Amino acid sequence: MAKITRKDVEYVARLARLELTDAEKEKFTVQLEKILDYIDQLNKLDTKDTPPTSHVLPLKNVWRKDELSQCSGEIREALLKNAPDREGNFFKVKKVIE
Amino acid sequence: MENNILNFTAVQLANKIKAKELSSVEAVKAYLGRIEKTEPKVKAFVTVLEEQALKQAKDVDEKISKGKAVGELAGVPIAIKDNMLITGTPCTCSSKILKNYVSPYDAAVIEKLKKQDLVFIGKTNLDEFAMGSSTENSAFCTTKNPWNLECIPGGSSGGSAASVSSRMAPIALGSDTGGSIRQPASCCGVVGMKPTYGRVSRYGLIAFASSLDQIGPFSRTIEDSAMLLKTISGYDAKDSTSVDVPVPDYNAELKKDLKGLRIGLPREYFIKGLDKEVEQSVKNAIKVLENLGAKTEEITLPYTEYAVAVYYIIAPSEASANLARYDGVKFGFRAHGEDLLEMYEKTRGRGFGAEVKRRIMLGTYSLSSGYYEAYYGKAQKVRTLIRRDFEEAFKKVDVILTPTAPTPAFKIGDKADDPLQMYLSDIFTISCNLAGIPGISVPCGFTSNGLPVGLQVLGKPFKEEDILKTAYHYEKNTEWHKRYPEV
């Protein structure tokens, strides 16, 4: 049986870069445990010799030629316009490296 | 005339526009009028593209009047789920985090629809990032079921389903990751189809769970869905999971008769917990198909009961990776933080709604060190068993019939506090995504309370014509699709 503690929730939230309120932490502790409990029924099945399916299609990587294609100024502007903060043609964030 | 326009199917409307009996502008105006009247009650749209639609319609009319070649559905208005990109228009995914996002390019399906001269009338509401079965998880509003405004329209493509059901659009596009087209189609009494995984390009569809997501049509008739499917299908180099197989002329295929068609009835889908009236409607539908020459037999899909558990590991795992891009740097909402880490955490904590956070947490947990094999690894293996169930079944039968959902639409708020109960409303639609096969929901009756019931037809990979044909002959011999909600 899955046992989820508040500490687990805080640890996973940090991995996922999610700020949670106290109320959310409490709620998710209970809910995640209940959901994982339900999911634990999969352990009834013997899958020792079963290969995993990550994808239903036999996927091959698709390569394109390693050639530069030009991005029009119009598209560049459309992309940058969506940025929360910018400086010229750059996305702007807080200093990363001291 | 206006009422007539709203009652035409998309194919009828296109024929009239091409024959110049009616202009695309007139058709668009009729639908905008209907939206003005009905939308305040139903709330199917996030954005109505009034100006743009009228301009597009005018362009199509001009093309036709000059005798230029136009597409088969030229001039017909279409509603688009708000997780597909249309250049220069907002695309929100019904999330606060993308509230002000403007699409910089067209999704592959949008490009195809533009080439075929369809007119985009609006962007429809969904559960945030397509996560949900009721549209209650939208950050903006809950869409109402046009048959009963106190009930959910289903989800996540609830806005698209409700817009077609309430005649605010003749056709629409949705996306289906675990039933998000078929379940709302069932709840709203319209046709909704999930094509085979790889049939329709996902380029420009905002990703939820990439190994499961697929775009598909909503309509009031099978013929319209077949036509729309043909329009959006086909290989696209920009989607590495797009499959290069020929696209049949579905509208010619679906008219072939049902003699000799082998229909499987999986015993695992007719279980306790299945609503009695839903069960009766589906059983009546089976009789209709038998009378048309189809042969039915009971089959077994033994791993069905594990599908929801597998799905709620695989879909949240993929989602937790896909949604990592919403970090407040390149687009979307940004919250203030003292440093970069704090900015990420606050942006995501405040930008995402509860269900999205819950799934990111579930996915991150299943993929985290120490739990990966026990959860994600295990779920992938059981996914293989579910696929094999269908491979075995399709050796004996051509299509499989089931109810689309275990119950009719439930009341708004009924399952909002119990995520697991909400997840279980997808119990009959999820396996189809895990196996990558096509599925369709077609109206097959009403409950005594006047709520629609849907019949699900599942088919072999890339044999959409089989399920369309089955649904088409069923529809032709029943009257359900002729009813409209009084909203």
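Rule-based calculations on the coordinates, nothing more; no lab input. Quick caveat: nothing in here was measured; it's all calculated off a predicted structure. Please note: Cβ atoms are built from the backbone with ideal geometry, for glycine as well, and neighbour counts cover all protein chains shown.
Remarks
- 10 °C / 1.306 mPa s Stokes-Einstein diffusion coefficient of region B:182-230, Kirkwood radius on C-alpha pairs, µm²/s: 137
- Shown here for region A:46-98: trypsin sites (Lys or Arg not before Pro) in loop regions (DSSP other than H, G, I, E, B) with at most 11 other Cβ atoms within 10 Å, namely A:Lys48, A:Lys60, A:Arg64, A:Lys65, A:Lys92, A:Lys95.
- Based on DSSP H segments of at least four residues, each scored -39500 (n - 2.57), chain B has a per-residue ellipticity at 222 nm of -12000 deg cm²/dmol.
- The local environment of B:Ser65, defined by Cβ-Cβ distances under 12 Å, has a net charge of +3 under the rule Lys, Arg +1 and Asp, Glu -1.
- Cβ-Cβ FRET estimate between B:Asp249 and A:Val96, R0 fixed at 45 Å, reported to 0.05: 0.25
- Of the GluC sites (Glu not before Pro) found in region B:327-380, those in coil by DSSP whose Cβ has at most 10 other Cβ atoms within 10 Å are B:Glu338.
- If you take the Cα centroid of region A:24-98 and the Cα centroid of region B:1-62, the two points sit 37 Å apart.
- Net charge of Cβ neighbours under 12 Å - reference B:Leu289; Lys, Arg +1; Asp, Glu -1: +3
- Two-site FRET efficiency, A:Ser69 against A:Tyr38, from Cβ-Cβ distance with R₀ of 51 Å, rounded to 0.05: 0.60
- From the Kirkwood radius over Cα pairs of chain A, Stokes-Einstein at 10 °C and 1.306 mPa s returns a whole-number translational diffusion coefficient of 81 µm²/s.
- The simple Förster model, with R0 at 30 Å and r as the Cβ-Cβ distance, assigns B:Glu373 and A:Lys7 a FRET efficiency of 0.85.
- Within a Gaussian network of chain A (alpha carbon springs, distance under 10 Å), most fluctuating of A:Asn43, A:Asn82, A:Asn61: A:Asn82
- Taken over the C-alpha atoms, chain B has Rg and Dmax values of 21.2, 70 angstrom.
- Whole-Å distance, taken between Cα centres, linking region B:355-428 and region B:254-325: 14
- Between the amide H of B:Leu301 and those of B:Arg267, B:Glu268, distances stay under 5 Å, these residues lying 5 or more places away or on another chain, with hydrogens modeled in the peptide plane.
- Most positive-pole-ward Cα, B:Gly353, B:Leu434, B:His336, against dipole of region B:318-443 from beta carbon charges: B:Leu434
- Estimated inter-spin distance, A:Arg86 and B:Arg262, nm [label 7 Å along Cα→Cβ]: 5.9
- When Rg and the Kirkwood Rh are both derived from Cα coordinates, the Rg/Rh ratio for the protein assembly as shown amounts to 0.96.
- Where trypsin sites (Lys or Arg not before Pro) fall in DSSP loop in region B:43-96, at most 15 other Cβ within 10 Å: B:Lys66, B:Lys68
- Convex hull (Cα only) mean projected area of region B:339-397, reported in nm² to one decimal: 6.2
- Set B:Lys272/B:Lys357; B:Lys63/B:Lys194; B:Lys112/B:Lys194 screened for pairs whose C-alpha atoms are more than 27 Å apart: B:Lys272/B:Lys357; B:Lys63/B:Lys194
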